[in-house]
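To keep things clear, I will list the structure first and then write my remarks on it.
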Amino acid sequence: MTDETETLVRTAPDSGAQVTLPVHTDLLRLATAGSVDDGKSTLVGRLLHDTKSVLADQLDAVHRASADRGMSTPDLSLLVDGLRAEREQGITIDVAYRYFATPKRTFVLADTPGHVQYTRNTVTGASTAQLAVLLVDARKGVLEQTRRHAAVLALLGVPRLVLAVNKIDMVDFDESVHTRISEEFTEHARALGYTDGDVVTVPVSALHGDNVVERSGRTPWYSGPSLLEHLETVPVAPDPHDAPLRMPVQFVIRPRTAEYPDYRGYAGQISAGVVSEGDEVVVLPAGLRSRVSKVDTPDGSVTRAAAGRSVTVLLEDDLDISRGDVLVAADSAPRVTDEIDATVCWLAEKPLQPGARVLVKHGTRTVQAMLTELSARFDEQELSSVDTPEALQLNEIGRVQLRTAEPLPVDDYADSRRTGSFLVIDPSDGTTLAAGLVGLPLTQLASAGR
Amino acid sequence: MTIDTSTDRAPDLSGEEPTLSEIPPQADNLDALESEAIHIFREVAGEFDRPVILFSGGKDSTVLVHLALKAFRPAPVPFPLLHVDTGHNFSEVLEFRDELVSRHDLRLVVAKVQDWIDDGRLSERPDGTRNPLQTQPLLGAIEDNRFDAVFGGGRRDEERARAKERIFSLRNAFGQWDPRRQRPELWNLYNGKHRAGEHMRVFPLSNWTELDVWRYIQREKIELSHLYYAHRREVYARDGMWLTSGPWGGPSEDEPVEEKVVRYRTIGDGSCTGAVESEAYTVDDVIAEVAASRLTERGATRADDRMSEAAMEDRKREGYF
C-alpha cells in the first residue's frame, strides 16, 4: 500500500525529527447483508471464530446460553445477538459492530439484521462501508431480497460487493449451482452500475468453514480467494489525490494564551482530496479566497494531509470563518445552492409528507429546510420508480426537492459520499428522519431495473 | 497465526488454546482511529453547550483525555472531567487522577457515592459492592451541572450489548438507554439534537479494541496508573478473581490472603474489580499478554458483568454507561 508518492512528511514538534506517514490506512470497513435464514450470523461468527477474535469467556457464555435453551450444539449466532429481546426472540434488532484483525488488516464489520426493516438497517451499515458481503443460500439462489439489498448498496455507493454463496455443502459442492447464481448476480450488479472487477462471488459453507478463512479442498473447481483472503487484499480506498479538496470546518481553535496570542486555526476532518501548504482555497458559502499557510496536526505541522485526517488549517488572511463553512479547492468548487434535488431513505415511523419543515445537517452545518416536493418513490420489488406518491413511509426510498434557508455547498453523492450526503432531522424532537443523497442516484437505479 | 484447516466439521468451540504467532501491524489503523476520535471530540465541542469527560482513572478514560488534549491543541481542553467516586477507590488511582489533572491544568468535578449514602439517598448493598450505586450520583452530577454531552471510554468490543451502542447515544431525562429507539448513525454525520433534560453519551473509542488502546498507549507513550503493570500485592481469591483487601470489606475468614504478582486489566470499584496474575511489567509485555489472552478484560476481572447474561444491557438501561 505504501509507496513514496503516497506518504506525507511530519515534523515532530519537539525533536524536529521527520516522520513519514502513509496516507492510506489498512482498516477495512465492511457491512453484511442477507435474508433472515441465509446464515449471516453463522458466517459472522465463523469469521470471528476463525480469526481468533472470540475469547474463551465469550465462548463459555455461548455454551451456557445454548445449553440453557436446550440446544445440543452451540449456537454461533449468540455471539453476535447482544440484546435481551434479540436472544428472547431469536432475531437481530439493530446494527451491531464487530472487530477482527489479521496480520494483514483490521476490520470493522457492520452486522446488519436481515428481517423486514431491511432498508433502514442496510442504509445505516452501508453508509460507511467500503465493501459489503451479501449472502445467498445456494439452494435458493438470488432472491428478490438479494436484488433489493444490492440496489440499496448501489444507491449508497458501496464501492465493492462480495456475494457469498452460502450452504454450498447443501448442494453437494456443485459447481453449476455456483456458476448459475454467480452469473445471475453479476448481471444484476452490472445493471446497478458495478463493473465486474468490483464484484466477487465466493462459494462458502459458513457452518463448516469452507472458503471462509481457508480455501476448501471440496471446491476444486473454484480458483478464487477465500472470503477472508479477498477481504485482506481488496484495495481499501480510492486515491485521495483524484478528488478536489473538501474540508468542513468543525471548530475554530483560538487559544488566546500568552504562547499563542494570535493563533486562529480551522479544525476539521478532510472529507475529500488533499490539503497542502501554499494551496489556494475558497471558503464556502461566502466565497472568500485565501492560501493555506500551515497544516497542523496534534503531532506538529505537516506539508500535506489527505482525506480522513483530522487537521487544523491556518490561512494567510484573517477571514471571518466559523463552524459550518467549508474549505474547498479553488479550482474545483462544489455548487452553492438552496434548491437541492436529492434521494432520501426514510428512516422514521412518521411518514414524509411534502411541505414538511425539517432540519438538514450537511457536513458541519445544520440549516432549516422545507421538503417542497416528493416526485418519485422507488419500488424495490420492480426496481422501478412510482411517480408522485403522496408520502414516504418507513424504509421507503424517494426523490425529493428541498429548499434550504441558507445556501449549502453540495456535491453529487455519486462524486463524493461525504459532501454529497446529509441528514434530515425532525426539528421538534431531534429524531433522524432520513438519509439524504444529493443528486439523482434513484433515477439511475430505476433505469437499471428496466 | 495458525488457522484450523479442517473443513468437515462444525466450528470448534472447545476453547482450545489458539496460537497467535504474530501481532498484526497497526500503525495506519491507529491513525484512522485517532482521526475519527478527534473528529468526534470536535463535533461535540461545536454542537453542545456543556460537555464533560467521564473519567474513572482507567486506561480508556486516560486515552480519552489524551485525545481531547490533541483535538484542541494548542488551545486547552474546553471540557471538565467528571469522576464518580465510589469511595472504594484504589488510592493509586486517586493519586494518578489528581496528578493528571494538575499536569494538564484540567478542571475536575467529583460526584461522591459516599455523600449519597451519608444523607440517605442511597443505601449500601448487602454484597458491599458500590459499582451499581454509581448511577444515581452520575445522573445527579449531570443534572446539577447541566451537562448536555458526556464522553465515555466505552468500546463496542467490550461486550455484546455495547456492540449495539451508537457513537452518539441519546439518553432520556432519567439517563436511560433504549436500544429500540436508537438513531441510525450515517456516514460521519452525528446528530446531536436533543430536548431539554435529555443528554447525549458520546463514545469516541467505539471502534477501538482493547489491543488498539494498548498499542496507542505504547505509540503515544501515555502514562497510566501503575496498577496496569505487574506488581506485588496481597490478594485473596473470590469467584475466580484475585481481589485486594480494602475499605470495601473482605477477605472473609475462609478467604486466605496470599502475596501474588498481579496486574489489573480494568480499573473500577475495588470491591468488584479483580487482578490477574501477570508478569507484564511494561507496555510491550502487556500488549503481548493481551494479544495472547483467552479472556476478555471484563470476563476476566469484572464481577458485576457476570451477574446475568444481560448485566451490561440492564445497567445501561438504568443510566449507567
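The values are calculated or read from the model by the stated rules, or taken from the named source; none is laboratory data. For clarity, every value in this text was computed on a predicted model and none was experimentally measured. Glycine also receives a Cβ, built like all others from the backbone with ideal geometry; neighbour counts cover every protein chain displayed. All accessible areas refer to the heavy atoms of the entire protein, side chains included, with ligands and DNA or RNA removed. Shrake-Rupley method; radii C 1.70, N 1.55, O 1.52, S 1.80 Å.
Only one of these conditions is not met by B:Asp304: (1) out of contact with any strand residue (DSSP E or B) (no Cβ under 8 Å at 6 or more places or on another chain); (2) modelled with pLDDT of 85 or more; (3) open to solvent by less than 30 Å² (accessible area, probe 1.4 Å). Which number is it?
(2)
Among (1) crowded, with 20+ Cβ neighbours inside 10 Å; (2) modelled with pLDDT of 95 or more, where does B:Lys59 come up short?
If we test B:Lys59 against (1) crowded, with 20+ Cβ neighbours inside 10 Å; (2) modelled with pLDDT of 95 or more, just (2) comes out false.
Looking only at region A:189-214, count every residue that is under 15 Å from A:Thr233 (Cα atoms) and either part of a helix (DSSP H, G or I) or open to solvent by 50 Å² or more (accessible area, probe 1.4 Å) (or both) and tell me the total.
Number of matching residues: 3.
How many of the residues in region A:139-187 are of a type outside the set (S, T, N, Q) and open to solvent by 10 Å² or more (accessible area, probe 1.4 Å)? Let's see the steps before the verdict.
Initially, region A:139-187 is screened for residues of a type outside the set (S, T, N, Q), giving A:139-144, A:147-165, A:167-175, A:177-178, A:180-181, A:183-185, A:187.
Applying the additional criterion that residues be open to solvent by 10 Å² or more (accessible area, probe 1.4 Å) yields A:139-140, A:142-144, A:147-148, A:154, A:157, A:159-160, A:167, A:169-175, A:177-178, A:180, A:183-184, A:187.
Within region A:139-187, residues that are of a type outside the set (S, T, N, Q) and open to solvent by 10 Å² or more (accessible area, probe 1.4 Å) number 25.
Filtering region B:77-109 down to residues that are aromatic (Phe, Trp, Tyr) and assigned to a loop (DSSP other than H, G, I, E, B), which residue is surrounded by the most Cβ atoms within 10 Å (Cβ to Cβ)? Lay out the reasoning, then the answer.
So the first thing to find is which residues in region B:77-109 are aromatic (Phe, Trp, Tyr), and the list is B:79, B:90, B:96.
Going one step further and asking which of them are assigned to a loop (DSSP other than H, G, I, E, B), we end up with B:79, B:90.
Details: B:Phe79: 23, B:Phe90: 20.
The selected residue is B:Phe79.
Might you check whether a residue that is open to solvent by 10 Å² or more (accessible area, probe 1.4 Å), in contact with a helix residue (DSSP H, G or I) (Cβ under 7 Å, 6 or more places away or on another chain) and among the charged types (D, E, K, R) occurs anywhere in region B:168-182?
No: region B:168-182 contains no residue that is open to solvent by 10 Å² or more (accessible area, probe 1.4 Å), in contact with a helix residue (DSSP H, G or I) (Cβ under 7 Å, 6 or more places away or on another chain) and among the charged types (D, E, K, R).
Listed here are the residues, each with its yes/no results for (1) in contact with a Gly (Cβ under 9 Å, 6 or more places away or on another chain); (2) open to solvent by less than 10 Å² (accessible area, probe 1.4 Å).
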| site | (1), (2) |
| --- | --- |
| A:Val313 | yes, yes |
| A:Ala329 | yes, no |
| A:Pro351 | no, no |
| A:Gly363 | yes, no |
| A:Val367 | yes, yes |
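Could you figure out which of (1) touching a residue at least 40 places away in the same chain (Cβ under 8 Å); (2) within 12 Å of another protein chain (Cβ to nearest Cβ) isn't true of B:Asn172?
(1)
So that you can scan it fast, the table gives a plain yes or no per residue for (1) part of a helix (DSSP H, G or I); (2) at pLDDT 90 or above:
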{"residue": "B:Glu158", "(1), (2)": "no, no"}
{"residue": "B:Ala173", "(1), (2)": "no, no"}
{"residue": "B:Trp177", "(1), (2)": "no, no"}
{"residue": "B:Gly192", "(1), (2)": "no, yes"}
{"residue": "B:Gly197", "(1), (2)": "no, no"}
{"residue": "B:Arg201", "(1), (2)": "no, yes"}
{"residue": "B:Asn207", "(1), (2)": "no, yes"}
{"residue": "B:Leu211", "(1), (2)": "yes, no"}
{"residue": "B:Glu234", "(1), (2)": "no, no"}
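Looking for something of a type in the set (A, V, I, L, M, F, W, C), assigned by TED's automatic domain parsing to the domain that holds B:Pro204 and modelled with pLDDT of 95 or more - is there at least one such residue anywhere in region B:82-93?
Yes, because at least one residue in region B:82-93 is of a type in the set (A, V, I, L, M, F, W, C), assigned by TED's automatic domain parsing to the domain that holds B:Pro204 and modelled with pLDDT of 95 or more.
When B:Val52 is evaluated against the numbered criteria (1) more than 8 Å from chain A (Cβ to nearest Cβ); (2) in a helix (DSSP H, G or I); (3) closer than 30 Å to A:Thr366 by Cβ; (4) hydrophobic (A, V, I, L, M, F, W, C), which criterion, by number, is the only one it fails?
(2)
Just to verify a result, which residue in region A:54-70, among those that are part of a loop (DSSP other than H, G, I, E, B) and modelled with pLDDT under 70, is most open to solvent (accessible area, probe 1.4 Å)? Quick ask: steps written out before the conclusion?
Looking only at region A:54-70, we keep the residues that are part of a loop (DSSP other than H, G, I, E, B), and these are A:54-55, A:69-70.
Checking which are modelled with pLDDT under 70 leaves us with A:54-55.
Details: A:Val54: 10, A:Leu55: 36 Å².
The residue in question is A:Leu55.
Considering only region A:241-253, state which residues are at pLDDT 95 or above and of a type in the set (D, E, K, R).
Once the filter is applied, which keeps residues that are at pLDDT 95 or above and of a type in the set (D, E, K, R), region A:241-253 yields only A:Arg246.
Within region B:107-126, identify whether any single residue is within 14 Å of chain A (Cβ to nearest Cβ) and either under 28 Å from B:Asp212 (Cα atoms) or charged (D, E, K, R) (or both), and answer yes or no. Can you show your working first?
Filtering region B:107-126 for residues within 14 Å of chain A (Cβ to nearest Cβ) gives none.
For region B:107-126, residues within 14 Å of chain A (Cβ to nearest Cβ) and either under 28 Å from B:Asp212 (Cα atoms) or charged (D, E, K, R) (or both): absent.
Return the total of residues in region B:221-254 being open to solvent by 40 Å² or more (accessible area, probe 1.4 Å) and within 14 Å of chain A (Cβ to nearest Cβ).
Residues that pass the stated criteria total 3.
Being of a type in the set (Phe, Trp, Tyr) and more than 9 Å from chain A (Cβ to nearest Cβ) is the filter here, so list the residues in region B:55-82 that pass it.
Passing the criteria: B:Phe55, B:Phe79.
Can you list the strands (runs of 3 or more DSSP E) found entirely within region A:380-429 that contain at least 1 residues being away from chain B (no Cβ under 14 Å) and open to solvent by 30 Å² or more (accessible area, probe 1.4 Å)? Don't jump to the end; show me each part of the working.
Values: elements: A:384-387, A:397-410, A:421-425.
Qualifying strands (runs of 3 or more DSSP E): A:384-387, A:397-410.
In region B:110-131, what count of residues is obtained for those that are open to solvent by less than 40 Å² (accessible area, probe 1.4 Å) and either closer than 26 Å to B:Arg50 by Cα or part of a strand (DSSP E or B) (or both)? Please lay out each step first, then the result.
Applying the first criterion (open to solvent by less than 40 Å² (accessible area, probe 1.4 Å)) to region B:110-131 yields B:111, B:113, B:117, B:122, B:128-131.
From what is left, the residues that are either closer than 26 Å to B:Arg50 by Cα or part of a strand (DSSP E or B) (or both) are B:111, B:113, B:131.
Residues in region B:110-131 being open to solvent by less than 40 Å² (accessible area, probe 1.4 Å) and either closer than 26 Å to B:Arg50 by Cα or part of a strand (DSSP E or B) (or both): 3 in total.
Just need a number here: residues in region B:189-220 that are under 24 Å from A:Gln250 (Cα atoms), more than 9 Å from chain A (Cβ to nearest Cβ) and open to solvent by less than 30 Å² (accessible area, probe 1.4 Å). Give the steps one after another, and end with the answer.
Within region B:189-220, the first condition is being under 24 Å from A:Gln250 (Cα atoms), and the residues that meet it are B:189-196, B:198-208.
Among the residues that remain, those that are also more than 9 Å from chain A (Cβ to nearest Cβ) are: B:196, B:199-205.
Checking which are open to solvent by less than 30 Å² (accessible area, probe 1.4 Å) leaves us with B:199-205.
The total comes to 7.
With the checklist (1) more than 21 Å from B:Leu69 (Cβ to Cβ); (2) within 14 Å of chain B (Cβ to nearest Cβ) in hand, flag the one item A:Ser310 doesn't pass.
The number of the failed condition is (1).
All but one of (1) part of a strand (DSSP E or B); (2) in contact with a Pro (Cβ under 9 Å, 6 or more places away or on another chain); (3) of a type in the set (Gly, Ala, Ser); (4) open to solvent by less than 10 Å² (accessible area, probe 1.4 Å) hold for A:Ala305; which doesn't?
All conditions are met except number (2).
(1) away from every other protein chain (no Cβ under 14 Å); (2) more than 20 Å from A:Gly436 (Cβ to Cβ): which one isn't true of A:Ala154, the others all being true?
Failing condition for A:Ala154: (2).
Among the listed residues A:Val275, A:Val281, A:Val252, which satisfies the condition of being within 11 Å of chain B (Cβ to nearest Cβ) and outside any loop (DSSP other than H, G, I, E, B)? Don't jump to the end; show me each part of the working.
Numbers: A:Val275 fails: within 11 Å of chain B (Cβ to nearest Cβ); A:Val281 fails: within 11 Å of chain B (Cβ to nearest Cβ).
One residue alone meets the criteria, A:Val252.
Looking at region A:11-41, which of its residues are out of contact with any Asp or Glu (no Cβ under 9 Å at 6 or more places or on another chain) and either within 27 Å of A:Met170 (Cβ to Cβ) or at pLDDT 70 or above (or both)?
Result: A:Arg29, A:Leu30, A:Ala33, A:Val36.
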